1. Report, in deg cm²/dmol and to the nearest 500, the calculated mean residue ellipticity at 222 nm for chain A, where each DSSP H run with n ≥ 4 adds -39500 (n - 2.57) and the sum is divided by the residue count.
2. Between the alpha-carbon centers of region B:502-569 and region A:5-82, tell me the distance in whole angstrom.
3. What are the extents of the Cα atoms of region B:289-398 along their three principal axes, listed from largest to smallest and rounded to whole Å?
4. Taking the DSSP beta bridges in region A:15-274 as the whole, what percent of them are antiparallel, to the nearest 5?
5. Which number do you get for Rg(Cα) / (2.2 N^0.38 Å) in region A:185-309?
6. In what sequence do B:Arg534, B:Arg479 fall when counting other Cβ within 10 Å, fewest first?
7. Can you pull the Kirkwood radius for chain B, inverse mean 1/r over Cα pairs, to one decimal in Å?
8. Compute the semi-axes of the equivalent ellipsoid of chain A, taking the square root of 5 times each eigenvalue of the Cα gyration tensor, and list them largest first in whole Å.
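Each reported figure results from applying straightforward, stated rules to the coordinates on display, with no laboratory input. The structure displayed is predicted, hence computed values, not measured ones. Cβ sites come from the backbone with ideal geometry, for glycine too, and all protein chains shown count toward neighbours.
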Amino acid sequence: MSTTPTATEPAKLTKSALTAERPTWCPGCGDYSVLAAYYKILEKRQFAHENIVTLAGIGCSSRFPYFVNSHGAHYIHGRSIPLATGVSLSRPDLKIFVFGGDGDGFSIGGNHLEHGARKNVNLTYIIMDNSVYGMTKKQTSPTSPVGFKTKTDPTGAMDRPVNGVKKLLSAGATFIARAHASQINHMTQMIERAMDHEGFSVVHVLSDCSEFFPDAFTSANPRKGGEYNIIEEKKWDQTPEDELRHDVTDEAAAYRLADRPFPGLFGVFFQVERATKNDLEDMWIDSVRLKTSHCSDLEILQQSFDRMK
Amino acid sequence: MVKTSQTPSSSTLPATAGRADLRPQHIHDAVIRLAGNSQDGIQSVGGFLARLAGRSAQEVMTYMTIPATISGGPSIFQVRIGSGEVLSAGDEADFLVAFHQHSYDNHIGALKEGGVLLYDSDNVQPNLDDKRFVYVGVQITSLTIEALGGTAKDKGKNIFVLGLLAAIFNFDVEKLKTLIRERFGKKNASLADTALIAFQAGYGYPVDDLLANRYHFEAVHKEGGRAQITMDGNQAIAFGLIAAGVRYGAAYPITPWTSVMEILRAELPKYGGLFVQTEDELAAVSMALGFSYSGHLSVTGSSGPGISLKTEAIGWASMAELPLLIVNVQRGGPSTGLPTNVEQSDLYQAIYGGHGDSPRVVLAAASVEDCFYVALEAARIARKYSTPVFILSDSSLSTRIEAFDEPDLKELVQHSKPDLTPRPDGFKPYPLDQITQHAPPGTPMLGGKYPVLTGLEHDETGHPSGSPALHVKMTVKRREKLQKLAAELPLPDLHGDPEGDTLLVGWGSTYGPIREAVNRMRTRGDKVSAIHLRSLHPLPNGLETIFARFRRIIVVELNDSGLYGFGQLATVLRARYCDPKIQSLTKTNGLSFLVKEIIEGVSK
């Protein structure tokens, strides 16, 4: 399939068709792995190329849309979720992926994360957390561990770091998973499951900053002597072992798992079905349209004007 | 509060009743001010009168103040009804209806000499020694309770007053009863019946005993025959947006913008569209940009403080070149300021708000009717030039009710769907030689290259670039589209002679008072004319040719004269035309211009 794609004969979606600019990330940055996983999933799933939308806010990781050849937008700091919500609510035909960092997701855009989750907007959000502000060259981030020395905390960070999973649980996200960029197969699985979830799905990906915080997540990397502990999910197979496995619909259990000491657990913490904002708004529109769907826009407007005479 | 027993009986006022003869029986213009508390329902009486005038093909304009408190507090609703052109809500009232002592105390000064005070003698004790006015005291509260029975308390006294006014002004009772049934009958029929009882009690009251005159509006013979519709400025903006084909939007509540979003939230689903209340102002503008990015021209709106919060995202719209409509229903500022008062002090913010050189279009509505048409024009410009467009309204327009000719909807209604037709090989989102027209997501790109919209400076393909030469070119590209727009804008109509001594320049809700001031000054022989600017950024080309024909230019606006003695538009015009004859007349007490204030200001 090397012919030029046309509207009627879509070409097979390949990694090369999806590749845009060369990433500007530093060598060794964890974000390369996230990009590779994204290509891999899109290639595997063969969505219509024109229906893939890649959105981001501001930060190193938010450069993402430039490196993917798809419709996309590089928006302002912290506001990618409401931007993506506008796309999601008005265009059910599109596949919406939002990428950002810990600053975008947990700090300047924290309120939007909260409300996107609460509303259960149908989209997938990948938060690439390096626990440091890299683009502005080493300031404290909302997930920097206490004691981490930065240019804005020269004697070490003093504020309690955000626990992303707990924040998302309390806000009402309906799919919450955690992964590490060095564990590319597991991360790819998590992103793919998030993508298949109907609703606000978030993968919190630990993604090392090779320049300003290179050892941030070494303790989660088995190749460097760390431990990558994956949550075992219930198989509902009636075996005694299954008793000990995690029920992903159990919110209280998810909180307990999210409280494990750093670097914590990886895998799916929580997944439930709940009506999406998209569904609820569609139902509201449908209920109103029952009375108006047989009328033209002009007729509906004329009726309103007749009532004001 | 003075009790009934101490109030002088209304029938003890024969000495002053004769003053009503000072007023002609056939009138073509009357200003009625209803003063009470916000829970007295005076707004709905005013609304009924406005709608009645609209149905009778009379001109009408209302003016309302509401307290910024959550519930209660003194409030007024002023209705000016006329058989001729009604341009302002009136400087002084011909009739004052006072429900409470404070209503009388605070508003008797606004009654014309020879005017009629209609007061609730259960609650108000006027100074009857003041012989300038005609006093009509009616036990409004107790008569309403008597008519409706015990449980209603004094609810319904507003409708009782409506009945009284109907008797005094010979209003069309059948039309009023129909309006009452339409208003209350929707909820339940017994409510409408109760209201009609109150109305009948007021209408049947022997007002002849107190007031020698009955009044009658001169009949109106209108040509053309288009029906009149009656609405307020926020409704006109909302329905103008709908007529313009705007189907998506997002906002956060703030006075006085809120009713626009309430209407859009309820109305847009009828058309298959959607309006979302967001968690904050930043989310609102961002979600609206998400809708626009998806290919649906969308709207966000707010009042001053909320617009401040949106400015970063509006800058992105300017850089990424996305169409977006931003409504600012202005109120008194800065900060939380005067939430329920009028000011035109957000012009600089609309034109210059935000960092960097970020061109955007700024339009202002002159009247309630114009709110409707400005929304259509804003949508047209946003689509054609792929740019953010501000619509400036203000607190006085937002609650003012006007009757105007029904727009020709068949001619005006726009349809809009995202344009997802495949784009050819070589498509550029930011071409230097053309105005940007984006390919929304879902559009197949036949060259295989998909566009990324960006707030970073970029080349024609949207690729980020810090090249100094490119930043120059792209800055010019974004600016030049506004210059192209300026070339296609019509010059404003000149009211008065094309040359003379003084030209008044206005924008926004000052349209009516300025026009009325010009009419009065011309009647006494002054060589005064006026223009009203709808497009404030860009200004239409050729204004200097109008300015050249006048000895002095006075810009009339509701904002501060600033450090250097000039209001916001005056400063913009002085910078643009470098013309020292441009002067400034400003006002910042939170109320609209009175006609006499403009005349005095100009005559100084």
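1. Calculated mean residue ellipticity at 222 nm is -9500 deg cm²/dmol.
2. Between the Cα centre of region B:502-569 and that of region A:5-82, the gap is 53 Å.
3. The Cα atoms of region B:289-398 stretch 36, 31, 21 Å along their principal axes.
4. DSSP beta bridges in region A:15-274 are roughly 20 percent antiparallel.
5. Relative to the 2.2 N^0.38 Å estimate, region A:185-309 comes out at 1.75.
6. B:Arg479, B:Arg534
7. Values: mean 1/r = 0.0384 Å⁻¹.
About 26.0 Å for chain B.
8. 35, 24, 22
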